[in-house]
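See below for the structure under consideration.
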Amino acid sequence: MGIEFNTEDMLDTYLFENSQLLENLQEIVLEQKDEDYFDEDSINEIFRTMHTIKGSSAIMMYDDITSVAHKLEDVFYFLRESHPKNVPHVELVEHVLAVSDFITDELEKLQNGEVADGDASELITELDKFLAKIKGEKPKEAASADKSSQTQKPISQQFYIAPAAASSDDHYYRIYVEYNPKIELANVHAYKIVYSLKEISDELMYEPDDIISNEDSANKILADGFK
């Protein structure tokens, strides 16, 4: 599959779509901040919002936005699937607004041509504690708050590049990557490889070829590797 990139258009789309999502999120929270809990529709909508922001931010390689969106997504996934009782609603609202404010600030930086350099580690630590509390678990050890442990990326188990047959002055290479089975969003990590190679290659072909459009491709990559 040959691919072409227009990073400026990608950024414009990313900023527009996620700004719209955050506006909708804030409306939901403000409408229900004085209630006893979020209703089922709101839980589903907040979960979908964080899931979408997580995915698009991972593709754009904004790691802190990805991480904090993923963590809030985890909270609302638990709320959606487990229906826990006695969830401290005011505290939950504060967490949602804190995440929304963080992402909004990062988007504003990008809109102004700056780097999205915010540190989400403290927010992630607080969300971890909140999730443990509503699950009835003990909070994770303080080590989980360490920025290095939050941002450390799983490395590939194997990274082998072998030159294929070449003709004329062209050079072709085959790349095969195997990921740690515990890695999340393997398809996004695969996309990052493709994105990184675009500057030095006239044409890129990869398998599976639907890593951006199909989240299930992550499972195929974990099973068969990324070629």
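Okay, here's what the table says:
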item	result
Accessible-area value, E94, 1.4 Å probe, nucleic acids and ligands omitted, Å²	110 Å²
Kirkwood-based shape ratio for the range 6-108, expressed as Rg/Rh from alpha carbons	0.98
Candidate residues L30, L107, L97: accessible-area rank, largest first, probe 1.4 Å	L30, L97, L107
Heavy atoms of M10 accessible to a 1.4 Å probe, total area in Å² rounded to 10	50 Å²
Efficiency of FRET between N24 and D209 - r from beta-carbon atoms, R0 35 angstrom, step 0.05	0.60
Partner aspartates and glutamates for K85 [C-alpha distance under 15 Å; skip if fewer than 8 residues away on the same chain]	E35, D36, D39, E40, E137
Above-threshold pairs, the threshold being 22 Å between Cα atoms, out of K33/K109; K71/K133; K54/K192; K71/K138; K192/K227	K33/K109
With all protein chains modelled, accessible area of E40 [1.4 Å, Å²]	130 Å²
Theoretical gain in end-to-end length, K192 to S82 [0.36 nm per residue, Cα-Cα removed]	36.2 nm
Relative contact order %, the range 1-87, counting alpha carbon pairs below 8 Å whose residues are six or more apart	27 percent
Pair T13, D119: separation of 7 Å Cα→Cβ label points (nm)	3.4 nm
Solvent exposure, largest accessible area first (probe 1.4 Å, DNA, RNA and ligands not counted), of T52, T125	T52, T125
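The values are calculated or read from the model by the stated rules, or taken from the named source; none is laboratory data. Here the structure is a predicted model, which is why all the values come from computation and not from measurement. As a convention, Cβ positions derive from the backbone with ideal geometry for all residues, glycine included, and neighbour counts pool all protein chains shown. The area values use the complete protein model at the heavy-atom level, side chains included, leaving out ligands, DNA and RNA. Shrake-Rupley method; radii C 1.70, N 1.55, O 1.52, S 1.80 Å.
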